[in-house]
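Peer 1: Below is a structure I'd like to ask you about.
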Amino acid sequence: MELFGNFDTFLKIGPIEIKMYAVMILIGAFLAYLLGQYRFKQLGYDKEILSDYLFVLLFVGIIGARIWYVTFEFEHYIANPIEIFAVWHGGLAIQGGIFTGLIYSYWFFKKRDIPFFIAGDALIPGLLIAQAMGRWGNFFNHEAFGSEVSLEFLQSLHLPQFIIENMYINGAYHHPTFLYESVGNLIAFVLIIFVVRRLQKHEGIQFFSYFLFYGIVRIPVEGLRTDSLMLGSIRMAQLISIVFIVIGVIGIIYMHRKGKQISYVS
């Protein structure tokens with residue numbers, strides 16, 4: 001058994017390897033789960049409801065994220081079809097996972113008579129934590145990095161040396177876009193928890209704030225990346241982020257004007 005054998009490997013037992021990529025995703029999902037349990041308990045719901053929810057959500061989200069990624073990298077995967085199933089090599093597009101996760105979530109909470117926007121307000125901040133951790137999985141996989149920069153630029157950011165060293169990829173240093181987005185997601189989380197939640201008077205405001213803030217974070221970060229999923233000359237993540245911002249703004253305005261007033265301590 002070998003622990004931390006290679007940079008991208010958490011544990012190796014014989015031929016079996018557990019990748020840091022998977023570990024980061026699972027840590028993020030677990031933290032989101034704990035936050036969700038805490039919030040559900042505050043709202044008077046059985047926190048164990050989320051035990052069944054999380055397992056399927058994680059599976060559905062990974063499937064959606066993989067399908068989205070493979071769709072826009074189809075030429076690569078049609079030549080290497082077995083690679084479609086090798087998710088441990090990376091290649092999960094979070095926006096695809098958001099779409100499938102929303103569909104599943106709506107079905108799950110409707111079946112249990114829990115208002116969707118109440119559940120959304122309770123759970124959506126945790127998604128930002130999960131996404132922040134997932135970007136560290138990209139770091140360990142040496143993916144989702146940005147365009148070339150100088151060593152002096154990275155040093156000017158006062159980054160830990162292990163980040164600087166691992167931004168040296170294919171003979172050059174690169175923007176640590178994984179870190180930019182991870183920090184941006186954490187800032188969005190703090191804003192939703194400590195500003196939006198305290199000011200909201202209607203259900204769904206936190207839910208729609210997620211789309212607004214995440215879209216704002218993703219657009220500039222995506223512009224620096226070298227591995228964007230493309231539709232012609234359009235970066236798909238930027239296009240979807242614009243859609244998210246529009247949805248967030250419209251949703252916040254609508255819920256503020258016509259949404260149900262919250263009947264619980266936010």
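The values are calculated or read from the model by the stated rules, or taken from the named source; none is laboratory data. Given the structure is predicted, the values throughout are model-derived calculations rather than measurements. Please note: Cβ atoms are built from the backbone with ideal geometry, for glycine as well, and neighbour counts cover all protein chains shown. These accessible areas exclude ligands, DNA and RNA; they are computed on the full protein's heavy atoms, side chains included. Shrake-Rupley method; radii C 1.70, N 1.55, O 1.52, S 1.80 Å.
Peer 1: Quick one: how many residues across region 223-248 are out of contact with any Phe, Trp or Tyr (no Cβ under 8 Å at 6 or more places or on another chain), assigned to a helix (DSSP H, G or I) and farther than 18 Å from ALA65 by Cα?
Peer 2: Total satisfying the criteria: 3.
Peer 1: For region 76-118, what are the residues that are farther than 24 Å from ARG218 by Cα and surrounded by 14 or more Cβ atoms within 10 Å (Cβ to Cβ)?
Peer 2: TYR77, GLU83, ILE84, PHE108, PHE109, ILE114, PHE116, ILE118 - these are the residues of region 76-118 that are farther than 24 Å from ARG218 by Cα and surrounded by 14 or more Cβ atoms within 10 Å (Cβ to Cβ).
Peer 1: Any idea which of (1) modelled with pLDDT under 95; (2) in contact with a strand residue (DSSP E or B) (Cβ under 6 Å, 6 or more places away or on another chain); (3) not hydrophobic (A, V, I, L, M, F, W, C) is the one TYR264 doesn't satisfy?
Peer 2: Looking at each condition in turn, TYR264 falls short on (2).
For every residue, the table says whether it meets (1) modelled with pLDDT under 95; (2) over 26 Å from LYS260 (Cα atoms); (3) of a type in the set (Phe, Trp, Tyr).
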{"residue": "PHE40", "(1), (2), (3)": "yes, no, yes"}
{"residue": "ILE62", "(1), (2), (3)": "yes, yes, no"}
{"residue": "ARG66", "(1), (2), (3)": "yes, yes, no"}
{"residue": "HIS76", "(1), (2), (3)": "yes, yes, no"}
{"residue": "PHE85", "(1), (2), (3)": "yes, yes, yes"}
{"residue": "ILE98", "(1), (2), (3)": "no, no, no"}
{"residue": "LEU102", "(1), (2), (3)": "no, no, no"}
{"residue": "GLY120", "(1), (2), (3)": "no, no, no"}
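Peer 1: With PHE189, PHE178 as the choices, which residue is part of a helix (DSSP H, G or I), over 23 Å from ASN6 (Cβ atoms) and either open to solvent by less than 30 Å² (accessible area, probe 1.4 Å) or among the hydrophobic types (A, V, I, L, M, F, W, C) (or both)?
Peer 2: Exactly one residue qualifies, and that residue is PHE189.
Peer 1: If a residue must be surrounded by fewer than 20 Cβ atoms within 10 Å (Cβ to Cβ) and of a type outside the set (A, V, I, L, M, F, W, C), how many such residues does region 54-65 contain?
Peer 2: 0
Peer 1: Just name the residue that is surrounded by the most Cβ atoms within 10 Å (Cβ to Cβ) out of those in region 214-253 that are touching a residue at least 24 places away in the same chain (Cβ under 8 Å) and among the hydroxyl-bearing types (Ser, Thr, Tyr).
Peer 2: Across region 214-253, the extreme among qualifying residues is TYR214.
Peer 1: At pLDDT 95 or above, more than 30 Å from GLU152 (Cα to Cα) and buried (at least 20 other Cβ atoms within 10 Å of the Cβ): does that describe PHE194?
Peer 2: Answer is no for this residue.
Peer 1: Sticking with this structure for a sec: Just to be sure I understand the filter: pairs with C-beta atoms under 9 Å, separated by 6 or more residues or on different chains, first member in region 111-136 and farther than 11 Å from PHE207 by Cα and in contact (Cβ under 8 Å) with a residue 24 or more places away in the chain, second member open to solvent by less than 20 Å² (accessible area, probe 1.4 Å) and not in a helix (DSSP H, G or I). Which pairs pass?
Peer 2: Listed pairs, sorted by first residue: PRO115/GLU203; ARG135/ALA144.
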